[in-house]
Amino acid sequence: MFDLIIIGGGPAGLTAGIYAARSKMNAVLLEKMVPGGNVSITSEVENYPGTPNVSGPELVINMEKQARDFGLDIKSEEVVSIEVGAGTKGHTVKTDSGEYVSKSVLIATGSNPRRLGCPGEEEHIGKGVSYCATCDGAFFREKEIVVAGGGDSAVEEALFLTKFASKVTIVHRRDRLRATRIIQEKAFKNSKIDFIWDSVIDSIEGTPTVKNVKIRNVKTSEVTDFKADGVFVFVGYIPGTEFVPGIISKNNEGYIITDIEMRTNIPGVFAAGDIISKKQRQIVTACGDAATAIKSIESYNEWYYEEDQYI
Ligand code: NAP
């Protein structure tokens with residue numbers, strides 16, 4: 001019986017791991033790929049306190065090291081289900097290679113890039129369509145790139161892509177960006193970045209690699225052909241809750257509902273980071289959620305221990 005199973009190895013999961021291991025909890029972190037989450041595919045992080053202009057991979061590698069140094073056990077396994085246990089039975093977490101029982105479970109699986117869902121997107125993944133500028137940007141030296149989206153990710157990653165591309169065109173469905181002002185200003189000043197407003201990508205074309213996109217103006221419905229060697233998609237994220245049982249409450253968009261102590265509606269099941277229903281999705285808020293969650297988990301496990309003794 002573990003004290004805590006942490007599911008997900010992004011900033012929330014790793015921070016929970018640091019706090020749990022430092023508190024000498026018997027904890028394990030389960031991550032289906034390598035720890036780091038979406039931050040590991042973020043080119044540069046400017047707003048994590050104390051580490052100005054750190055790269056995403058560097059930041060999460062440090063978090064992972066810090067957690068391991070405190071003794072956290074990190075296993076590379078994909079969670080397939082959680083079976084909620086009654087009373088002091090503990091919750092069972094099943095993975096692709098085994099199962100674990102724990103007093104508490106912290107779900108910190110974050111979110112995955114949303115697809116555009118247009119014709120040509122799926123078949124061009126790895127052939128010009130990408131969701132990761134850090135991973136794929138260097139393949140587009142002196143090429144023309146289209147970026148879909150208008151949020152922080154789209155604009156920050158468009159700026160990063162100007163290091164390689166000859167031209168980056170941001171296609172956004174509205175006439176103003178959602179991104180933070182400081183990031184917008186940098187993009188407006190960058191001579192390699194153009195904008196196509198009020199528009200969406202209708203299809204992605206080219207054999208075998210991307211050569212062209214069809215862009216539709218959502219106000220006039222006019223469709224134009226636009227030359228593109230690559231399409232980078234940053235149109236938000238969808239929560240990674242495939243394995244989360246229906247009994248755990250979620251909002252309309254599928255994000256897990258917690259209280260301010262990061263408790264879900266199921267005793268002993270907690271959630272933190274981008275997976276929860278909230279307004280601010282930042283690395284620093286994910287880490288804050290995780291620290292709060294560990295405090296709640298400690299209290300819950302204390303109760304659990306007392307109940308267990310009584311039974
Ligand atoms: P986001 O803020 O949800 O922005 C998604 C963008 O994609 C929006 O501009 C949205 O348009 C557009 N969009 C959504 N669905 C679309 C569709 N089907 N077709 C075309 N466009 C579509 O997502 P994000 O930029 O990935 O950021 C996610 C969270 O992480 C945010 O909370 C963000 O602040 C945070 N973040 C922070 C930083 C930072 O602080 N440095 C960096 C990256 C991300 P509308 O604007 O019209 O809705």
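Being within 11 Å of the ligand (Cβ to nearest atom) and surrounded by 15 or more Cβ atoms within 10 Å (Cβ to Cβ) is the filter here; which residues of region 161-177 pass it?
Selection gives Ile170, Val171, His172, Arg173, Leu177.
Give region 212-230 a look and list any residue that's surrounded by 15 or more Cβ atoms within 10 Å (Cβ to Cβ) and among the basic types (Lys, Arg), or say none.
The answer is Lys214, Arg216.
Against the condition in a loop (DSSP other than H, G, I, E, B), free of Cβ contacts under 8 Å to residues at least 24 places away in the same chain, in contact with an Asp or Glu (Cβ under 9 Å, 6 or more places away or on another chain) and outside the structural domain of Val269 (by TED's automatic domain parsing), how does Lys219 come out, does it pass?
Yes; evaluated as a whole, the condition is true for this residue.
Tell me, which residue of region 36-48 that is in contact with a strand residue (DSSP E or B) (Cβ under 8 Å, 6 or more places away or on another chain) and open to solvent by less than 50 Å² (accessible area, probe 1.4 Å) is nearest to Val155 (Cα to Cα)?
Taking the candidates together, the pick is Val45.
Matching residues to (1) assigned by TED's automatic domain parsing to the domain that holds Ala158; (2) out of contact with any strand residue (DSSP E or B) (no Cβ under 7 Å at 6 or more places or on another chain); (3) not aliphatic (A, V, I, L, M):
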position: Ile6; (1), (2), (3): no, no, no
position: Ala21; (1), (2), (3): no, no, no
position: Val28; (1), (2), (3): no, no, no
position: Gly50; (1), (2), (3): no, yes, yes
position: Asn53; (1), (2), (3): no, yes, yes
position: Pro57; (1), (2), (3): no, yes, yes
position: Val60; (1), (2), (3): no, yes, no
position: Ser97; (1), (2), (3): no, yes, yes
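Of all residues in region 23-35, which are under 15 Å from Ser97 (Cβ atoms), hydrophobic (A, V, I, L, M, F, W, C) and open to solvent by 50 Å² or more (accessible area, probe 1.4 Å)?
Met33
Which of the residues that make up region 67-84 are touching a residue at least 60 places away in the same chain (Cβ under 8 Å) and surrounded by 15 or more Cβ atoms within 10 Å (Cβ to Cβ)?
Across region 67-84, the qualifying residues are Ile74, Val79, Ile82, Val84.
Under 7 Å between Cβ atoms, at least 6 apart or on separate chains: pull out the pairs that start in region 129-151 with a residue that is within 21 Å of Val39 (Cβ to Cβ) and open to solvent by less than 20 Å² (accessible area, probe 1.4 Å) and end on any residue that is outside any loop (DSSP other than H, G, I, E, B) and more than 16 Å from the ligand (Cβ to nearest atom).
Qualifying pairs under 7 Å: Ser130/Asp136; Ser130/Gly230.
Evaluate the following for Val155: is it surrounded by 15 or more Cβ atoms within 10 Å (Cβ to Cβ) and under 26 Å from Glu242 (Cβ atoms)?
Answer is no for this residue.
May I ask you to list the residues in region 107-127 that are in a loop (DSSP other than H, G, I, E, B) and within 9 Å of the ligand (Cβ to nearest atom)?
Hits for region 107-127 are Arg114, Arg115, Leu116, Gly117, Cys118.
Looking only at residues that are small (Gly, Ala, Ser) and within 16 Å of the ligand (Cβ to nearest atom) in region 134-160, which one is nearest to Asp175 (Cα to Cα)?
In this case the residue turns out to be Gly150.
For region 278-291, what are the residues that are open to solvent by 50 Å² or more (accessible area, probe 1.4 Å) and not in a loop (DSSP other than H, G, I, E, B)?
Val284, the sole residue that qualifies.
If I filter region 5-22 for residues that are closer than 18 Å to Gly98 by Cβ, open to solvent by 10 Å² or more (accessible area, probe 1.4 Å) and either modelled with pLDDT of 95 or more or not in a loop (DSSP other than H, G, I, E, B) (or both), do I get at least one hit?
Within region 5-22 (the criterion being closer than 18 Å to Gly98 by Cβ, open to solvent by 10 Å² or more (accessible area, probe 1.4 Å) and either modelled with pLDDT of 95 or more or not in a loop (DSSP other than H, G, I, E, B) (or both)), the answer is no, since none of the residues qualifies.
Residues checked against (1) open to solvent by less than 20 Å² (accessible area, probe 1.4 Å); (2) β-branched (Val, Ile, Thr):
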| position | (1), (2) |
| --- | --- |
| Thr241 | no, yes |
| Gly246 | no, no |
| Ser249 | no, no |
| Glu253 | no, no |
| Thr258 | no, yes |
| Gly268 | yes, no |
| Ile276 | yes, yes |
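Quick test for you: out of Ala293, Ala272, Ala286, pick the one residue that is more than 29 Å from Cys118 (Cβ to Cβ) and touching a Pro at 6+ places or on another chain (Cβ under 8 Å).
Residue meeting the stated conditions: Ala286.
Yes/no matrix, rows are residues, columns are (1) over 21 Å from Asp289 (Cα atoms); (2) in contact with a Phe, Trp or Tyr (Cβ under 7 Å, 6 or more places away or on another chain):
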| site | (1), (2) |
| --- | --- |
| Ser43 | yes, yes |
| Gly50 | no, no |
| Leu59 | no, yes |
| Lys89 | yes, no |
| Val93 | yes, yes |
| Ser97 | yes, no |
| Asn112 | no, yes |
| Cys118 | yes, no |
| Glu121 | yes, no |
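The values are calculated or read from the model by the stated rules, or taken from the named source; none is laboratory data. Quick caveat, the model's predicted, so the values are computed rather than measured. Glycine also receives a Cβ, built like all others from the backbone with ideal geometry; neighbour counts cover every protein chain displayed. Calculation scope for accessible area: heavy atoms of the full protein, side chains included, ligands and nucleic acids excluded. Shrake-Rupley method; radii C 1.70, N 1.55, O 1.52, S 1.80 Å.
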